[in-house]
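Note sheet for the following structure.
The values are calculated or read from the model by the stated rules, or taken from the named source; none is laboratory data. Since this is a predicted model, take the numbers as computed values, not measurements. All Cβ positions, glycine included, derive from the backbone under ideal geometry; neighbour counts span all protein chains shown. Protein only, heavy atoms only, side chains kept; ligands, DNA and RNA dropped before computing areas. Shrake-Rupley method; radii C 1.70, N 1.55, O 1.52, S 1.80 Å.
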Amino acid sequence: MSDHEFTANDELSLPKATVQKIVTEILPPSSGCSFSKEARDLLIECCVEFITLISSEANEISEKEAKKTIACDHITKALEQLGFSDYVPAVVEAAAEHKEVQKGREKRGDKLAQSGLSLEELERIQAEQFAQAAARHS
């Protein structure tokens, strides 16, 4: 690993509050266990290292296929090559869920375009609806 890569990895992290929340949700309440800040920080470092390892391997796979974009298939191949094939089903499921969410977002955007209303008209309608709602709650 070059010095540049090491410096870049030092700057990578995950949101501490989010990691703490995930750990708290995973630990059974009846266990009486707590998770120290040092343990959380170590877990974050391990996660960043894992993500770096998988993404580097996926990048190599995509380059061998002369692709410029890392695809889900590259991630699953990387997981398998690095001995993490047990994770592949969960990754495939998460990718499918993400696709469904994206489709929903695209459909909402299409509905807006299909409405045939200009941005000014939509803003006017929205302002009227806010005024009506405010009048009802006054």
Could you tell me which GluC sites (Glu not before Pro) in region 40-138 are loop residues by DSSP with no more than 15 other beta carbons within 10 angstrom of their beta carbon? Glu65
Region 28-79: trypsin sites (Lys or Arg not before Pro) falling in loop per DSSP and having at most 16 other Cβ within 10 Å: Lys67, Lys68
Full extension between Ile22 and Ala39 adds, at 0.36 nm per residue less the Cα distance, a length in nm of 4.8 nm
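Taking the solvent-accessible surface of protein heavy atoms with a 1.4 Å probe, what is the per residue accessible area of the chain in Å²?
Numbers: 11140 Å² over 138 residues.
Dividing the accessible area of the chain by its residue count gives 81 Å².
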Inter-site label distance for Thr52 and Asp86 at 7 Å from Cα along Cβ, in nm: 2.4 nm
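Might you report the magnitude of the Cβ-based charge dipole of the chain about its Cα centre, with Lys and Arg at +1 and Asp and Glu at -1, to the nearest 20 debye?
On the way: 16 positive and 25 negative charges, 154 e Å.
With Lys and Arg at +1 and Asp and Glu at -1, about 740 debye.
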I'd like the orientation of helix 16-26 relative to the chain: the angle between its Cα long axis and the longest Cα principal axis, in ° from 0 to 90, rounded to 10. 80 degrees
Between the Cα axis of helix 119-136 and the main Cα principal axis of the chain, the angle (0 to 90°, nearest 10) is 80 degrees
Identify which of Ala39, Ala90, Ala127 has the largest mean-square fluctuation in a Gaussian network model of the chain, with springs joining Cα atoms closer than 10 Å. Ala127
Among (i) 16.2; (ii) 8.4; (iii) 10.1, which one is mean projected area of the Cα convex hull in nm² computed from these coordinates? (i)
Compute the acute angle (0 to 90°) between the alpha-carbon long axis of helix 37-64 and the principal axis of greatest extent of the alpha-carbon atoms of the chain; round to the nearest 10°. 90 degrees
Charges on Cβ only, +1 for Lys and Arg, -1 for Asp and Glu, centred on the Cα centroid of the chain; of Ile51, Ala90, Gln129, which one is farthest towards the dipole's positive end? Gln129
Pairs of Lys in the chain closer than 18 Å at Cα, counting only those 8 or more apart or on different chains: 7
Of the heavy-atom accessible surface of the chain (probe 1.4 angstrom), what whole percent is carbon and sulfur? 57 percent
